[in-house]
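Scroll down for the structure; my scribbles are underneath it.
Only the coordinates and a few stated rules stand behind these numbers; no lab work does. Computed from a predicted model, the values in this text were never measured in an experiment. No Cβ is skipped: glycine too gets one built from the backbone with ideal geometry, and neighbour counts run over all protein chains shown.
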Protein chains: 2
Amino acid sequence: MPSVTIKDVARLAGVSPSTVSRVISNHPRISKATAEKVRQAMETLGYHPNMTAKKLVSKSTKTLGLVLPRSAEELFANPFFSEVLRGMLACANQKQYDLLMSSANNPKEEMETVTRMVLGRQVDGMILIKPRKADPVIEKLLALDFPFVVLGRSLEHPDVPAVNNDNIAAAFDATFHLINQGHRRIGFVSGPPELVVSGDRLAGYQKALSQVKLPLRDEWVIASDILPKNGFHAVSMVMNAPDRPTAFVVSDDVVAFGMIRELVGAGYQIPEDVSVVGFNNIVLSELSNPPMTTVDIGIYHLGYQTARHLIRILQGEKVPEPNVTVPHRLVIRQSVRFLSHTDDSL
Amino acid sequence: MPSVTIKDVARLAGVSPSTVSRVISNHPRISKATAEKVRQAMETLGYHPNMTAKKLVSKSTKTLGLVLPRSAEELFANPFFSEVLRGMLACANQKQYDLLMSSANNPKEEMETVTRMVLGRQVDGMILIKPRKADPVIEKLLALDFPFVVLGRSLEHPDVPAVNNDNIAAAFDATFHLINQGHRRIGFVSGPPELVVSGDRLAGYQKALSQVKLPLRDEWVIASDILPKNGFHAVSMVMNAPDRPTAFVVSDDVVAFGMIRELVGAGYQIPEDVSVVGFNNIVLSELSNPPMTTVDIGIYHLGYQTARHLIRILQGEKVPEPNVTVPHRLVIRQSVRFLSHTDDSL
DNA sequence: CAAATTTGTGCAAACGTTTGTATATCCTAT
DNA sequence: ATAGGATATACAAACGTTTGCACAAATTTG
């Protein structure tokens with residue numbers, strides 16, 4: 001409302017607008033005296049720079065763009081997202097950047113929003129969360145030569161700046177933990193098939209099985225997108241077969257919760273009858289009943305490093321590696337049972 | 001990078017920049033012919049308006065500001081937040097607004113960020129999430145006469161535009177449900193004491209007790225901020241007393257999870273030994289073991305309506321009521337036991 | 001002590017739009 | 001034919017900054 005500009009300050013301080021500007025940016029060749037005078041004037045007038053004007057002339061917005069994946073509806077109810085966001089905000093905040101967010105209901109809207117942010121010069125760089133396979137947004141940004149980093153990885157462009165877990169290794173570890181605990185019949189619940197991350201985790205699972213020469217049984221891998229809605233029919237189908245799995249690797253903790261709930265409802269005990277290892281280690285994994293064994297992928301760091309990486313690039317710092325990998329670790333709690341080989345109660 | 005401006009379009013189309021501008025904004029007095037010519041030129045050049053310039057001259061940013069409460073660290077790991085955000089984004093997106101976010105580590109930073117957004121004219125309005133009692137940010141915004149709405153309510157300024165639940169009634173309902181189920185010794189776990197919402201829920205709990213002439217026992221109300229860190233000492237202290245509560249109202253589902261976990265760890269069964277009713281109905285409340293009885297406060301709607309309310313105000317629509325109340329409802333699941341009055345097993 | 005350099009400040013252009021006012025062309029009505 | 005009003009477009013100022021250049025004053029140098 002008051003809208004006091006640099007000119008008002010200049011007038012009161014008895015100097016030119018450019019001098020005021022230089023005082024603000026600590027230009028070296030401003031005398032101590034005028035600087036003081038100007039600061040005084042700013043103070044009494046309650047001056048604050050108009051960021052929009054500043055952005056226009058400086059051609060830098062100090063803002064990072066973030067468009068929510070169209071799968072937002074699902075992914076978003078997931079604590080994963082807020083934890084990632086928390087990391088991003090923490091980093092952005094520290095480096096004096098803001099985050100401009102928008103959501104989109106479908107791929108078309110998503111592209112439009114990206115376009116508006118990028119071509120509309122509202123942001124200095126973009127963050128892409130969990131890209132799809134053959135993601136057109138990546139193609140677009142690449143074509144525009146606009147700075148961006150993906151949280152996850154691009155299948156088609158391996159050298160695009162990215163922050164990711166080694167999801168193959170992570171799923172391998174999760175699966176191998178079950179193997180080490182004596183399990184031989186291990187099922188897998190995968191994430192949305194269009195996401196790169198889903199493919200990686202599936203691959204890690206398969207790798208672990210084949211390493212110990214266990215057969216891959218297609219009927220034991222379940223696509224999670226049919227899970228929460230359809231009452232887990234796929235799960236009960238698998239469980240009703242004569243030689244059912246004794247354990248599952250589930251590529252998302254939330255889905256794992258839903259699955260456990262179904263299993264419990266069907267009369268199974270966790271981990272006595274079925275073991276489960278989840279993915280992500282969200283806060284509630286620790287608080288659930290039973291506390292869930294899961295692979296901690298460092299969600300907060302994932303977010304933090306993604307923002308960090310992008311800002312580094314924007315500031316022209318030497319970026320040693322295009323890709324940064326956030327370490328994961330298996331957190332062993334109580335949703336996995338040790339299965340003696342001589343035990344054939346299952 | 002290419003940075004094609006309105007002038008480039010004008011040149012190619014053989015008209016003046018102002019004409020191009022008017023074509024874009026569908027000015028009535030532009031001939032069909034030129035309009036076509038200009039659109040053609042925009043197309044071939046791949047023109048997109050520079051939003052920053054537009055914002056500068058139009059003095060409207062089409063952006064909503066959101067500063068994360070300093071309690072972000074805690075609140076944020078909470079799915080509550082992402083669900084609220086999802087609602088806000090959905091509404092903003094629909095009304096063609098963006099969200100500018102920032103976080104702050106302490107009240108001072110918070111104020112600075114608000115100042116930067118508001119006085120820096122980066123946003124048209126602000127959203128304040130769950131204000132504290134005597135929140136200085138509210139005072140500031142009021143003093144500046146800057147449009148904002150709070151998600152929650154202001155204690156000191158009841159007529160400030162706000163979107164909220166009737167938290168007193170909600171906590172009353174939760175407590176009364178326990179009473180109806182036969183409970184007479186009911187504890188309460190409160191949220192961070194500096195938040196308005198915490199006070200309201202506590203009041204609702206007290207109201208329910210006094211309505212049925214149950215004594216208020218101070219030692220049975222536990223402040224949650226001492227909960228997750230200190231291993232729930234307060235809980236075990238309460239539980240070890242000779243006449244311990246048979247049930248708790250817990251003003252946040254996440255805290256309820258943590259509490260249940262502690263209780264289970266101490267050998268109690270839920271709901272057989274202790275009943276719990278939570279607050280918020282986050283996604284995982286349904287999936288937990290046992291599924292949690294909780295009051296659904298419509299988190300998504302809370303977010304959606306907050307954005308909606310602010311946008312209404314910004315667009316100068318007649319706003320019938322300064323405050324909108326999002327309805328709540330008790331969702332009965334399986335964390336509460338029916339307690340026969342003749343049953344003195346507890 | 002004059003010349004050269006440094007120091008401090010102002011002027012004006014630029015960033016890419018929007019919009020009020022002026023002007024030119026074209027109708028329509030007298 | 002011609003005034004009067006539409007209609008369609010151009011001009012230029014404005015939004016609030018930053019910054020290259022010019023220039024005066026102060027300081028250093030030989």
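The figures follow:
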item	result
Other protein chain Cβ atoms within 10 Å, averaged over every residue that makes up B:90-97	3
Shielding of A:114-120 by partner chains, average beta-carbon count, 10 Å	4
Mean separation of Cα contacts under 8 Å, 6 or more apart, over the residue count of segment B:62-157: relative contact order %	35
Cβ-based exposure ranking for B:T293, A:T115, A:T19, in which fewest neighbours within 10 Å come first	A:T115, A:T19, B:T293
The protein assembly as shown: Rg to Rh, with Rh as the Kirkwood radius over Cα pairs	1.01
Fraction of beta bridges assigned by DSSP in the protein assembly as shown that are antiparallel (%, nearest 5)	15
Binned Cα-Cα distances of chain B, short to long, each 20 Å bin given as a whole percent	27, 43, 21, 8, 1
Estimated [θ] at 222 nm from DSSP helical runs (n ≥ 4, -39500 (n - 2.57)) normalised by residues in chain B, nearest 500	-13500 deg cm²/dmol
Largest-first principal axis extents, alpha carbons of segment B:239-314, Å	57, 25, 15
Semi-axes of the equivalent ellipsoid for segment A:38-138, Cα gyration tensor, largest first, Å	32, 17, 10
Reciprocal of mean inverse Cα separation for segment A:1-45 (Kirkwood radius, Å)	10.2
Order of B:R86, B:R185 under a 10 Å beta carbon neighbour criterion, fewest first	B:R185, B:R86
Placed amide H near A:L99: partners under 5 Å, 5+ positions off or other chain	A:L64, B:M101
Rg followed by Dmax, in Å, when segment B:167-296 is reduced to its Cα trace	13.2, 36
Cross-link partners of A:K140 among lysines (Cα-Cα below 18 Å; sequence separation of 8 or more within a chain)	A:K108, A:K130
Contact order normalised by residue count of segment A:1-45, Cα under 8 Å, 6+ apart, percent	41
Cross-link table B:K133/B:K318; A:K7/A:K37; A:K55/B:K54; A:K59/A:K95, entries beyond 21 Å C-alpha to C-alpha	B:K133/B:K318
Relative contact order for chain B, counting Cα pairs under 8 Å that sit 6 or more residues apart, in percent	18
